[in-house]
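The values are calculated or read from the model by the stated rules, or taken from the named source; none is laboratory data. Note that the structure is a prediction, hence the values are computed from the model and not measured. Glycine gets a Cβ as well: all are built from the backbone with ideal geometry, and neighbour counts include every protein chain shown. What goes into the accessible areas is simple: the full protein's heavy atoms, side chains included, and nothing from ligands, DNA or RNA. Shrake-Rupley method; radii C 1.70, N 1.55, O 1.52, S 1.80 Å.
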Amino acid sequence: MYTRNIETIIIGGGAAGLMAAGRAAERGKNVLLLEKMGQTGRKIGISGKGRCNLTNTASLQDFISHFGKNGKFLRQCFNQFFTDDLVSFFEARGLPLVTERGGRIFPQSGRALDVVKTLNLWLEQQNVTINKKAVVSAVTVREGRVTGVICNGSKLSCDNVIIATGGKSYPRTGSTGDGYKLVTELGHNLTALRPALVPLRCKDQNIQPLAGLNLKNINVRLYVNGKRKVQEFGEIAFTTTGLSGPVALTMSAAIVDFLNKSATIRLSIDLKPALSDQQITNRLIRDFEKRGGEPVESLLRGLIPSQLVDRCLEACQIPTDIDTRAFPIKMRNKLAGWLKNVPFDITGYCGFDEAIVTAGGVNLKEIDPQTMESKLIDGLFIVGELLDIQADTGGYNLQAAFSTGWLAGSSVSS
Ligand SMILES: Cc1cc2nc3c(=O)[nH]c(=O)nc-3n(C[C@H](O)[C@H](O)[C@H](O)COP(=O)(O)OP(=O)(O)OC[C@H]3O[C@@H](n4cnc5c(N)ncnc54)[C@H](O)[C@@H]3O)c2cc1C
């Protein structure tokens with residue numbers, strides 16, 4: 001059991017907690033990290049499809065814009081520890097990074113587990129004590145100041161507590177939402193918790209055959225109650241129940257909120273965004289001239305992925321035995337229109353089990369943005385996804401976890 005006089009206890013060994021622990025220890029604090037799982041960094045280990053997109057080269061202004069209206073809360077934090085600092089941090093510890101499309105930064109090795117390994121080694125070098133399978137059930141407070149925590153039923157005393165328990169998405173990684181109970185018991189308030197960066201569901205009976213299909217370089221328009229709202233260029237992936245992939249995930253935060261207000265949602269996919277309506281028509285005319293006589297399915301497979309052929313025939317009411325040498329102009333125009341507008345009605349979204357992040361969290365008005373300390377309890381710090389901050393995909397969420405963790409670790413005093 002732990003014997004040194006503990007100055008700082010960190011609850012949770014994810015991105016924010018590991019960074020907070022190492023940083024506080026680097027400043028000479030006696031640090032104890034309590035992690036409920038058998039190992040630290042479970043979520044980092046599966047992030048970025050196992051490759052960990054740990055940050056992004058976007059400018060500060062652009063970076064902050066990816067967090068929506070709450071992004072401004074992070075400005076002071078990012079002024080102290082931002083992308084360059086994170087990149088230097090890992091590279092100085094022997095983990096080279098690479099920048100990919102969209103400014104996304106990954107470990108050169110392509111292994112998220114190398115990020116976890118680097119952090120764990122750093123904590124070891126800083127003499128951080130890590131207790132695994134250590135579940136914190138309460139933070140104790142006397143006269144407005146933190147006094148310790150209750151862990152596995154025992155009281156541990158300390159001067160400061162940093163809560164870094166994450167959100168409630170992907171609970172199998174340990175992020176089961178415990179932090180919400182810990183902070184509300186201390187008087188903190190939460191904004192509404194919703195799954196974000198979450199796959200979308202379609203009622204469409206014919207969605208299942210599309211599972212596994214990835215559409216790249218497409219344009220997706222979002223219609224809310226029939227009105228066009230935003231559009232995104234990129235990639236969509238079909239699941240057995242609906243849509244996922246970067247564009248669907250990015251749009252999901254707004255869609256979840258609209259669906260919760262009972263709005264009707266339609267996503268319209270432009271399969272040929274580089275071509276104008278006229279260019280599409282010209283292309284079809286050429287194809288029918290050149291390949292007239294072939295079965296219509298074979299002709300369509302030259303235009304669209306084969307999984308979409310049946311859907312296209314049905315939507316454009318094209319008989320499978322049509323003579324493609326005499327394709328009616330009206331039908332050709334319908335086909336041209338469909339290629340620019342393949343509609344999917346979104347009727348729901350998956351739960352926290354499949355959400356990349358949790359939207360909502362500790363009300364930012366109750367946290368000092370210069371230190372991450374609670375404005376309600378002295379010596380209490382709250383960091384990472386537990387806060388009401390969430391961003392698009394692209395490395396923004398992990399940078400926010402690392403930066404808020406670093407800032408809290410830099411701010412704890414005894
Ligand atoms: C599949 C997936 C892929 C992702 N990919 C990316 C990506 O590539 N880039 C990116 O920027 N973001 C990505 N994210 C989001 C990012 O991983 C999270 O936003 C980030 O890890 C949050 O860090 P955190 O430290 O706040 O919380 P977490 O990483 O969730 O860590 C919380 C820790 O606290 C522990 N804990 C919880 N309760 C207790 C308790 N009572 N006592 C003790 N310990 C406790 C948990 O076991 C866990 O280890 C991804 C998320 C998922 C689910």
> Which listed residue (Thr129, Gly409, Ala248) has the Cα farthest towards the positive end of the charge dipole for the chain, taking +1 on Lys and Arg C-beta and -1 on Asp and Glu C-beta about the Cα centre?
Replying inline: Ala248
> Convex hull over the alpha-carbon atoms of region 267-334: what's its volume per residue in Å³?
Replying inline: 93 Å³
>> Which order do the peptides 158-164, 302-308 come out in when sorted by mean C-beta neighbours inside 10 angstrom, highest first?
In response: 158-164, 302-308
> At a probe size of 1.4 Å, how large is the accessible area of Trp406, to the nearest 10 Å²?
Replying inline: 40 Å²
> Expressed in nm², what is the orientationally averaged projection area of the convex hull enclosing the Cα positions of region 274-381?
Replying inline: 12.0 nm²
> Based on Cα positions only, what radius of gyration and what Dmax would you give for region 200-338, in angstroms?
Replying inline: 16.3, 50
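When only Cα pairs under 8 Å and 6 or more residues apart are kept, what is the percent relative contact order across the chain?
Values: 910 pairs, mean separation 102.2, N = 414.
Computed over the chain, the figure is 25 percent.
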> Mind checking the angle between helix 15-26 and the chain's longest principal axis? C-alpha axes, 0 to 90 degrees, to the nearest 10.
Replying inline: 30 degrees
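Taking the Cα centre of region 1-80 as origin, sum charge times position over the Cβ atoms of Lys and Arg (+1) and Asp and Glu (-1), and report the length of that vector in debye to the nearest 20. Intermediate results must be reported in sequence, preceding the final value.
Numbers: 12 positive and 4 negative charges, 32 e Å.
Charge dipole of region 1-80: 160 debye, to the nearest 20.
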>> Quick query: amide H of Ala359 versus all other amide H atoms, modeled in the peptide plane; which residues come in under 5 Å with a sequence gap of 5 or more or a different chain?
In response: Arg194, Ala196
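When only Cα pairs under 8 Å and 6 or more residues apart are kept, what is the percent relative contact order across region 176-304?
This gives 24 percent for region 176-304.
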>> Report the Cα-based extents of the chain along its three principal axes, largest first, to the nearest Å.
In response: 86, 45, 36
> With the Cα gyration tensor of region 69-108 giving a ≥ b ≥ c as the square roots of its eigenvalues, does the rule (a/c under 1.5 for rounded; else a/b larger than b/c for prolate; else oblate) give rounded, prolate or oblate?
Replying inline: oblate
>> List the residues, sorted by chain then number, that are 5 or more residues from Met37 or on another chain and whose placed amide H is less than 5 Å from its amide H.
In response: Lys133, Ala134
> lysines within cross-link reach of Lys261: Cα-Cα under 28 Å, excluding same-chain residues under 8 positions apart?
Replying inline: Lys69, Lys72, Lys168, Lys181, Lys203, Lys227, Lys229, Lys365
> Under 11 Å from a point 7 Å along the Cα-to-Cβ line of Asn79: which residues of region 366-382 have their amide N that close?
Replying inline: 370
> Going by alpha carbons, how many degrees (0 to 90, nearest 10) lie between the helix axis of 329-339 and the longest principal axis of the chain?
Replying inline: 10 degrees
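Taking all protein chains as present, what is the carbon and sulfur share of the accessible area of the chain, in % to the nearest whole number, probe 1.4 Å? Present the calculation step by step, with values, prior to reporting the outcome.
Values: 8570 of 18200 Å².
Using a 1.4 Å probe with all protein chains present, the chain comes out at 47 percent carbon and sulfur.
I want the local charge near Ala355. Using Cβ-Cβ distances under 9 Å, sum +1 for each Lys or Arg and -1 for each Asp or Glu among the other residues. Let's see the in-between values first.
Working: positive: Lys168, Arg194; negative: Asp353, Glu354.
Cβ neighbours under 9 Å give a net charge of 0.
Hull surface divided by four, with the convex hull built on the Cα atoms of region 318-414: how many nm²?
Working: hull surface 44.7 nm².
Result: 11.2 nm².
Taking only protein heavy atoms and a 1.4 Å probe, what accessible area per residue, in Å², does region 87-153 have with all protein chains in place? Mind showing how you got there, number by number?
Details: 3630 Å² over 67 residues.
Heavy-atom accessible area per residue stands at 54 Å².
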>> Please report the net charge: other residues with Cβ closer than 12 Å to the Cβ of Thr184, K and R +1, D and E -1.
In response: -2
> Relative to the first principal axis of the alpha-carbon coordinates of the chain, what is the inclination of helix 112-125, with its axis defined by its Cα atoms, in degrees from 0 to 90 and to the nearest 10?
Replying inline: 10 degrees
> Whole number please: convex hull volume per residue of the Cα set in region 30-118, in Å³?
Replying inline: 140 Å³
>> With θ taken as phi - 60° and the coefficients 6.51, -1.76 and 1.60, list the Karplus ³J(HN,Hα) couplings across region 164-174 in order, rounded to whole Hz; mark glycine and proline as x.
In response: 9, 8, x, x, 10, 8, 6, x, 5, 8, x
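Sort the following peptides by mean Cβ neighbour count (other Cβ atoms within 10 Å, averaged over residues), highest first: 165-177, 47-59.
Values: 165-177: 22.2, 47-59: 19.9.
Per-residue mean Cβ counts within 10 Å order the peptides as 165-177, 47-59.
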> If amide H atoms are built 1.01 Å from N in the plane of the peptide, which residues on other chains or at least 5 residues away come under 5 Å of the amide H of Thr55?
Replying inline: Ile105
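For region 367-409, with every protein chain kept in place, what is the accessible area per residue (1.4 Å probe, Å²)?
Details: 950 Å² over 43 residues.
Per residue, region 367-409 has an accessible area of 22 Å².
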>> What's the magnitude of the charge dipole for the chain around its Cα centre, counting Lys and Arg as +1 and Asp and Glu as -1 at the beta-carbon? Answer in Debye, nearest 20.
In response: 500 debye
> What size of dipole, in debye to the nearest 20, comes out for region 224-341 about its Cα centre when the only charges are +1 on Lys and Arg C-beta atoms and -1 on Asp and Glu C-beta atoms?
Replying inline: 400 debye
> Hey, what number do you get for the chain at 222 nm if only DSSP H runs of n ≥ 4 count, each worth -39500 (n - 2.57), divided across all residues, to the nearest 500?
Replying inline: -10000 deg cm²/dmol
>> Largest first, please: the extent of the C-alpha atoms of region 78-148 along each principal axis, to the nearest Å.
In response: 50, 29, 21
>> In whole Å, what are the extents of region 1-65 along the principal axes defined by its C-alpha atoms, from largest to smallest?
In response: 45, 27, 16
> For all pairs of alpha-carbon atoms in region 231-282, what percent lies in each bin of width 10 Å, listed from the first bin to the last filled one?
Replying inline: 21, 44, 25, 10, 0
>> Name the residue from Ser268, Thr324, Ile105 whose Cα lies farthest towards the positive end of the charge dipole of the chain, charges +1 on Cβ of Lys and Arg and -1 on Cβ of Asp and Glu.
In response: Thr324
>> With θ taken as phi - 60° and the coefficients 6.51, -1.76 and 1.60, list the Karplus ³J(HN,Hα) couplings across region 48-53 in order, rounded to whole Hz; mark glycine and proline as x.
In response: x, 6, x, 10, 6, 8
> What does the convex hull of the Cα atoms come to per residue for region 164-230, in Å³?
Replying inline: 194 Å³
